[in-house]
Each structure stands twice: as structure tokens, then as C-alpha cells.
Amino acid sequence: MKKYNGSFKLGESHYQNPEIVENGVRKYYPARFSKELAIFRVFSEAYKKTDTTFLDQMIIDISEALQNYNTKDVTNLTIGDFGVYIQDGDYIQSAIYNPMTKKINIFINRKCLDHIKNYQNIPNILKKLRALYVHEDTHKQQDNSSNGKFFNAGAYKKVDINDSESIKGYLNQRVELDAYARQYGFELRELYPNESTQDIFKRIFNANIENEDLKNNLIAVFDTLTDKNKNFFLRNLYDYINGEE
């Protein structure tokens, strides 16, 4: 315990808001928040670091498997532990962990499938797939650690994207807070590999993130969370970026 909490005493409240107002100016001090993170980290969930390097080979395997097919005739395929489903919509739509099959299914459109077959735009495809895989691998680890009981119908809320209350309930679940914190932490660390965790957190609080989609996603999630869950999300985000899962 001592190596985590330093001079703190167990049971004390050590929360220090990282945002303070001095002389009418809002300022952010990452170190104040990191002290709070340090004592809470003792009680945080333990995840194994997600390995995404195999995705490079998976894309090659999919490309090779498609060479003998007209992609117009392909609706789905299975590569290892992955199901790839082709449907109308965004270039890369989502990845979803299925607790029944223990597989992660990826949903893409036909243009993306054609690019994979022809091995085009691969860096961008891999960037998106890696982030989605970190999210869904988090759910897979949650499911495994609970012996398959975590995602039963009574415990886990699914989302209706057309219902703001449904979205709020979905995002404020601890299983999703963990998954999004790890996903966005992965994306931020990939985007700024040489910056300190505190510098990345400054970027977050100043909305100074070069990837517009990532910046907007962080803002949207943070605006939807309860105050209690904002702290939980930030703590897990910090842990992932700092390599302290």
C-alpha cells in the first residue's frame, strides 16, 4: 500500500480537483489529480494489457482469403476468433464482443472490404480496428473474470442510439466506463507516444487534440457522465495512458 499512497493515510479523503480558478482564470494541474489516482489505483480493476499487434497479420489473412472471391458476393467471413460482417453504413462501423460465442465481430462496409482485399488504406484501417479491439477486449476480459455472468440480460444495459436517456444509462455503466477509458487511452497514447501523461491530460482538458473524432468523442462521453463517474473514467483513462493498469 505504501508505494501507492505515499504519505496518505488509508480512509482519508484526498481528492483534489485538477481544475481550479485563480484570479478569475481556470487552470488545470494534472499533479493534483494524479495524487488522487495513486491512492485509488490500489482498488482499481486489473486488466491484462491488450495486444493488438496480431491485427496486422489478420488483415493480411483477410486480404489473402479474398483474392479468390468477388467482394460483391461476400457478406461475412471468419478469421481466427473474429467474424467480419459486411453491411451498409460507415467505412468501419463497430466491433462487438459476443459473450455467447466469446468472439469479437467486426462490422464494415463493402468499400472497406475492397480496400482490405487490395491492401489499400491499411494504416487507417488498422488504427481504427486497434482502438475498437481494445474496447471489446476489455469486455471480453470482464466477461471472463465474471465467469460469463457479467453480461446477462438483467445486469447490462444495451443502448438505443435514438434515445438520449438510453445513451446516458449505457455510458454510465462501469463496464463501459472501463472500456471507453481503455479505448480512448490507447488512442491518445498512439497519437502522442512521446508525451507525458500529464501533458496528454492537459490536452484533454484544453480540448487540444489533433484527432477531431477522438476529441469530440471524449467531449460527448464526458458530458454524458455523472460527476461520480467522471472521476472514475478519468482515473482509468490516466492509468491506461500511464501504463499502470
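Within the range 188-245, which residues are over 16 Å from the mean Cα position of the chain (by Cα), within 22 Å of S166 (Cα to Cα) and either among the basic types (K, R) or assigned to a loop (DSSP other than H, G, I, E, B) (or both)?
Residues satisfying the conditions are T226, K228.
Quick check on this structure: which one of Q67, Q120, Q142, Q93 is farther than 28 Å from R189 by Cβ and not acidic (D, E)?
That would be Q67, the only listed residue that is farther than 28 Å from R189 by Cβ and not acidic (D, E).
Collect the residues in the range 224-245 that are among the β-branched types (V, I, T) and farther than 17 Å from S196 by Cβ, keeping them in residue-number order. Outline the logic, then answer.
Going through the range 224-245, the residues among the β-branched types (V, I, T) turn out to be 224, 226, 241.
Correct list: T224, T226.
For the range 48-105: of the residues being in contact with a strand residue (DSSP E or B) (Cβ under 7 Å, 6 or more places away or on another chain) and small (G, A, S), which is nearest to D137 (Cα to Cα)?
It comes out as A95.
Buried (at least 16 other Cβ atoms within 10 Å of the Cβ), under 24 Å from the mean Cα position of the chain (by Cα), touching a residue at least 12 places away in the same chain (Cβ under 8 Å) and assigned to a helix (DSSP H, G or I), is that true of I104?
Details: buried (at least 16 other Cβ atoms within 10 Å of the Cβ): yes; under 24 Å from the mean Cα position of the chain (by Cα): yes; touching a residue at least 12 places away in the same chain (Cβ under 8 Å): yes; assigned to a helix (DSSP H, G or I): no.
Taking the combined requirement at face value, the residue does not satisfy it.
Residue check: is A95 of a type in the set (G, A, S), part of a strand (DSSP E or B), open to solvent by less than 90 Å² (accessible area, probe 1.4 Å) and closer than 26 Å to K158 by Cα? So that I can check it myself, show each step before the final result.
Numbers: of a type in the set (G, A, S): yes; part of a strand (DSSP E or B): yes; open to solvent by less than 90 Å² (accessible area, probe 1.4 Å): yes; closer than 26 Å to K158 by Cα: yes.
For A95, the condition - of a type in the set (G, A, S), part of a strand (DSSP E or B), open to solvent by less than 90 Å² (accessible area, probe 1.4 Å) and closer than 26 Å to K158 by Cα - is met.
Kindly establish whether K111 is basic (K, R) and under 29 Å from N172 (Cα atoms).
Details: basic (K, R): yes; under 29 Å from N172 (Cα atoms): no.
Criteria not met by K111.
Just a yes or no: is a residue in the range 123-145 surrounded by fewer than 13 Cβ atoms within 10 Å (Cβ to Cβ) and under 19 Å from Q57 (Cβ atoms)?
Yes: one or more hits.
Give the range 74-92 a look and list any residue that's open to solvent by less than 50 Å² (accessible area, probe 1.4 Å) and either in contact with an Asp or Glu (Cβ under 6 Å, 6 or more places away or on another chain) or not in a loop (DSSP other than H, G, I, E, B) (or both), or say none.
Correct list: L77, I79, F82, G83, V84, I86, I92.
Can you find, within the range 109-122, the residue that is nearest to D56 (Cα to Cα) among those that are part of a helix (DSSP H, G or I) and either acidic (D, E) or under 24 Å from the mean Cα position of the chain (by Cα) (or both)? Before the answer, list the steps.
First pass over the range 109-122, keeping only residues part of a helix (DSSP H, G or I): 110-117, 122.
Subset that is either acidic (D, E) or under 24 Å from the mean Cα position of the chain (by Cα) (or both): 112-114, 116, 122.
Details: C112: 15, L113: 15, D114: 17, I116: 11, I122: 9 Å.
Checking each candidate, the answer is I122.
The values are calculated or read from the model by the stated rules, or taken from the named source; none is laboratory data. This is a predicted model, so every value here is computed, not measured. Note: ideal-geometry Cβ built from the backbone for every residue, glycine included; neighbour counts use all protein chains shown. For accessibility, only protein heavy atoms count, side chains too; no ligands or nucleic acids. Shrake-Rupley method; radii C 1.70, N 1.55, O 1.52, S 1.80 Å.
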